[in-house]
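Heads up, the thing below is written out as structure tokens.
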Amino acid sequence: MSSDPNCVFCKIIDGKIPSRKVYEDDELFVFHDIAPWAPVHFMIVPKRHIPSMAQVTPDDAALLGKIMTLAPRLAVEQGCRPYPEGGFRIVVNTGAEGGQEVHHLHVHVMGGPRPWLRG
């Protein structure tokens, strides 16, 4: 599995930086955001270093599908109310102009009582 020794998320995955882990398997590491925008806010991160969504390839389709099918389950487990009354938001920032701050692909999952939601 590729890793970038200078990447903060690679360091979190390797246990070199502490995190509040939500879930882990062979391909993914999930942890709470340190600056949450919502009552529930965690990130799903591939263990393999992929700089952004712009670098995914057709070979990553199964990994991306796994992320998208894991998100609803973890959202409810972390406190989001189930659909249709509740729900959650998924955000993937890509590149500097897309608001990406850490250049390791990560999927934000946010939810909870609605006042946090903007736009």
Practice problem: State yes or no: is Gly15 on the phi > 0 side of the Ramachandran plot and either in contact (Cβ under 8 Å) with a residue 60 or more places away in the chain or part of a loop (DSSP other than H, G, I, E, B) (or both)? | Solution: yes
Quiz item: If we keep just the residues of segment 47-60 that are assigned to a loop (DSSP other than H, G, I, E, B) and not aliphatic (A, V, I, L, M), which is surrounded by the fewest Cβ atoms within 10 Å (Cβ to Cβ)?
Solution: Thr57
Practice problem: Within segment 66-119, count every residue that is assigned to a helix (DSSP H, G or I) and surrounded by 13 or more Cβ atoms within 10 Å (Cβ to Cβ). | Solution: 9
Quiz item: So how many residues does segment 31-45 have that are in a strand (DSSP E or B) and out of contact with any helix residue (DSSP H, G or I) (no Cβ under 6 Å at 6 or more places or on another chain)?
Solution: 6
Exercise. Could you grab me the full set of residues in segment 18-46 that are exposed (fewer than 13 other Cβ atoms within 10 Å of the Cβ) and not charged (D, E, K, R)?
Key: Pro18, Ile34, Ala35
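All of the numbers you see were taken from the coordinates with simple rules; none came from a lab. All values derive from a computational prediction rather than experimental measurement. For neighbour counting, all protein chains shown are included, and Cβ atoms are generated from backbone atoms with ideal geometry for every residue, glycine included.
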